[in-house]
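The values are calculated or read from the model by the stated rules, or taken from the named source; none is laboratory data. Just so you know, these numbers come straight off a predicted model, no measurement behind them. Here the Cβ positions follow ideal geometry from the backbone for every residue, glycine too, while neighbour counts run over all protein chains shown. Each accessible area value is taken on the protein alone, full model and side chains, heavy atoms only, with ligands, DNA and RNA left out. Shrake-Rupley method; radii C 1.70, N 1.55, O 1.52, S 1.80 Å.
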Amino acid sequence: MLPRCVLTLCHVLVLVLCLSAAEDFDWTKNDRGSFYYGSFPTGFSWGAGSSAYQTEGAWDKDGKGISIWDVFSHKKGKVAFNDTGDSSCDGYYKVKEDIALMKDLKLNHYRFSISWPRIIPTGIKSDHINERGLKYYDNLIDLLLENKITPIVTLYHWDLPQVLQEKYGGWQNISMVNYFNDYANLCFERFGNRVKYWITFNNPWSIAVEGYETGEHAPGLRLKGTGAYRAAHNMIKAHAKVWHTYDTQWRNKQKGFIGISLSGDWGEPVDLTNQKDIEAAERYVQFYLGWFATPLFHGDYPQVMKDYIGRKSAQQGLGSSRLPTFSPQEKSYIKGTCDFLGIGHFTTRYITQKNFPANRGNSYFTDRDLAELVDPRWPDPGSEWLYSVPWGFRRLLNFVKTQYGNPMIYITENGVSEKMMCTELCDDWRIQYYKDYINEMLKAIKDGVNVKGYTAWSLLDKFEWDEGYSERFGLYYVDFRNKNKPRYPKASVHYYKRIISSNGFPNQREVESWKRKATETCSSSNQLLAAGQYSSENAGKPKVWPVHDEV
Ligand code: NOJ
């Protein structure tokens, strides 16, 4: 018989494991099912999104400071066709017009980001606060609320003040934590009486990997195998600090929520009966979404990241892992700092095991020991990386539910692009994408995933980072060649509007009629446009864009 103290210890251990262990995700079942007709829960929030650098323009106006994206896009050869966000959609000057588009769509929320250098030009609060910048966001927030549209505000959508990059090396440097916290605190102070949903970081994966590992994005650094991990480490700490600031100083009064927006492509094992493929797919997801979500929900990096990066670092003769570590105090400070989880999801990959020997250099990508594959039958209308695989969305959402204790989720980005040089308002592939992805989200909600809202990405065509204006994600087409930057609704506007007004998909007959009508409307608009008779002033208004409510 085992002594009593050993039994008690086992008891405690089992209890601890039950409390902290994530539920198991069943990798072996991928039950795709057919289209599901039904409604979203009452109060489900429908929205669309944007970000400051991608839409505002006015890059050097009204006292705004320079961001790393201003500098990066002004360097030749960094962005397709050397496009810049200097004026972009001129969103800075078109607040009223854009809110009218949102109203027409009957959006419940609008997700946008604040440009840090617009309100604190050097990034350092004690240097100078730009009141004109604050006024712009004040006005935007007020107008949204007047129109009953809830603002969901991102604090950091990639546009770090350039001074912080030059002086400190940006997210490589721990000092960003305090500067970011001061900036966030200013936003809570000035906007928190009206903004109740805050997102600290948008897609820190991209900031870390594309900004500090591959250099495709600003600040364009190529610190292979270390830069991304260090940047991520500092961002996770910055996120936690801002959450605590809100929690201790503002939550009582303002009663808002602080979350983060993580991007996660889904990784599906190539062969569901092969354990190696399953493990590789899990690594793919853990190195992507889990890299950030696991610390925030469980206090530390995914075990598999610690194992793989640690082992490879040792094989490379390094004294410690290239993946930084959190102290016990930091772990408990970071754990539980997410009131809601924002998810940006676009696509899926098939994953299989592939070894990358440690002596062949190091990088985030080779650390994972896997290969990514795609099915050539998957539609890919726009961006090279974006294949439409709707079922991956439901899989990802169920994974999140099991891993992180069924958190409150807002979909902060989902949508598809097109590569179209001429104006094309009849975006039937986008209608199909939204229809199927939103339907998979509905199935996930039926599975018990706690999704509270959905944000179509994006409201407008806009500056698509290193792809410039060559990839269009908008529900609304923007004519960038025209200095007035007119907006025209694509067919997907009409379709998304139907989903919103029905809060889901009522029945087959009705849903099929939506597509027919959206297509009829867009072909006549295309004709009007081609004949030069289209007036963008009327965009979205019933006079030009008849909305037939009857089936
Ligand atoms: C994620 C980024 O957050 C967003 O800014 C971008 O437009 C989309 N991906 C599409 O690439």
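Residue check: residue 314 meets all listed conditions (1) crowded, with 17+ Cβ neighbours inside 10 Å; (2) of a type in the set (A, V, I, L, M, F, W, C); (3) outside any strand (DSSP E or B) but one, namely (1). Of all residues in the range 325-345, those that are over 10 Å from residue 293 (Cα atoms) and surrounded by 23 or more Cβ atoms within 10 Å (Cβ to Cβ) have Cβ atoms under 8 Å from Cβ atoms of residues that are basic (Lys, Arg) and at pLDDT 95 or above, 6 or more apart or on another chain, in 334/237. Here residue 116 meets the list (1) buried (at least 24 other Cβ atoms within 10 Å of the Cβ); (2) over 30 Å from residue 446 (Cα atoms); (3) more than 16 Å from the ligand (Cβ to nearest atom) almost entirely, failing just condition (3). Take the conditions (1) open to solvent by 20 Å² or more (accessible area, probe 1.4 Å); (2) assigned to a helix (DSSP H, G or I); residue 305 misses just one of them, which is (1). Of the residues making up the range 307-348, those that are hydroxyl-bearing (Ser, Thr, Tyr) and more than 19 Å from residue 260 (Cα to Cα) are 308, 313, 320, 321, 325, 327, 347, 348.
Scanning the range 155-170 for residues that are more than 16 Å from the ligand (Cβ to nearest atom), at negative phi and under 24 Å from the mean Cα position of the chain (by Cα) yields 161, 162, 164, 165. Residues in the range 346-381 that are open to solvent by 40 Å² or more (accessible area, probe 1.4 Å) and within 24 Å of the chain's Cα centre (by Cα): 350, 365, 372, 373, 374, 379, 380, 381. Looking only at the range 501-551, residues that are open to solvent by less than 70 Å² (accessible area, probe 1.4 Å), more than 21 Å from residue 484 (Cβ to Cβ) and modelled with pLDDT under 75 come to 3 in all. Counted as qualifying within the range 450-500 are the strands (runs of 3 or more DSSP E) with 2 or more residues that are buried (at least 20 other Cβ atoms within 10 Å of the Cβ) and within 15 Å of the ligand (Cβ to nearest atom), namely 451-456, 476-478.
Yes or no, residue by residue, for (1) within 16 Å of the ligand (Cβ to nearest atom); (2) closer than 16 Å to residue 263 by Cβ:
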residue	(1), (2)
350	no, no
364	no, yes
371	no, no
377	no, no
383	yes, yes
392	yes, yes
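Among residues belonging to the range 174-220 that are touching a Phe, Trp or Tyr at 6+ places or on another chain (Cβ under 7 Å) and either of a type in the set (Asp, Glu) or without any contact (Cβ under 8 Å) to a residue 24 or more places away in the chain (or both), point out the one that is surrounded by the fewest Cβ atoms within 10 Å (Cβ to Cβ). Here the answer is 175. Count of the range 501-529 residues, restricted to those that are in contact with a Ser or Thr (Cβ under 7 Å, 6 or more places away or on another chain) and assigned to a helix (DSSP H, G or I), is 1.
For the range 31-62, residues that are touching a helix residue (DSSP H, G or I) at 6+ places or on another chain (Cβ under 7 Å), away from the ligand (no atom under 16 Å from the Cβ) and open to solvent by less than 30 Å² (accessible area, probe 1.4 Å) total 4. So for the range 416-434 (the condition being in contact with a Gly (Cβ under 6 Å, 6 or more places away or on another chain) and of a type in the set (Ser, Thr, Tyr)), does at least one residue qualify? Within the range 416-434 (the criterion being in contact with a Gly (Cβ under 6 Å, 6 or more places away or on another chain) and of a type in the set (Ser, Thr, Tyr)), the answer is yes, since at least one residue qualifies. From the list 196, 241, 237, the lone residue that is in contact with a Gly (Cβ under 7 Å, 6 or more places away or on another chain) and among the charged types (D, E, K, R) is 196.
Taking residue 439, is it away from the ligand (no atom under 16 Å from the Cβ) and closer than 14 Å to residue 89 by Cα? Considered against the rule, which asks whether it is away from the ligand (no atom under 16 Å from the Cβ) and closer than 14 Å to residue 89 by Cα, residue 439 comes out as no. When the range 394-434 is filtered for residues that are of a type outside the set (Gly, Ala, Ser), within 16 Å of the ligand (Cβ to nearest atom) and at pLDDT 95 or above, the ones remaining, listed by number, are 396, 410, 411, 412, 413, 414, 416, 430, 433, 434. Scanning the range 382-393 for residues that are modelled with pLDDT under 95 and surrounded by 21 or more Cβ atoms within 10 Å (Cβ to Cβ) returns a single hit, 382.
Just a yes or no: is a residue in the range 68-88 touching a strand residue (DSSP E or B) at 6+ places or on another chain (Cβ under 7 Å) and surrounded by 24 or more Cβ atoms within 10 Å (Cβ to Cβ)? Within the range 68-88 (the criterion being touching a strand residue (DSSP E or B) at 6+ places or on another chain (Cβ under 7 Å) and surrounded by 24 or more Cβ atoms within 10 Å (Cβ to Cβ)), the answer is no, since none of the residues qualifies. Within the range 240-273, the set of residues being within 16 Å of the ligand (Cβ to nearest atom) and open to solvent by less than 10 Å² (accessible area, probe 1.4 Å) comprises 259, 260, 261, 262, 264, 266.
Within the range 417-447, the set of residues being more than 19 Å from residue 514 (Cα to Cα) and of a type in the set (A, V, I, L, M, F, W, C) comprises 420, 421, 422, 441, 444, 445.
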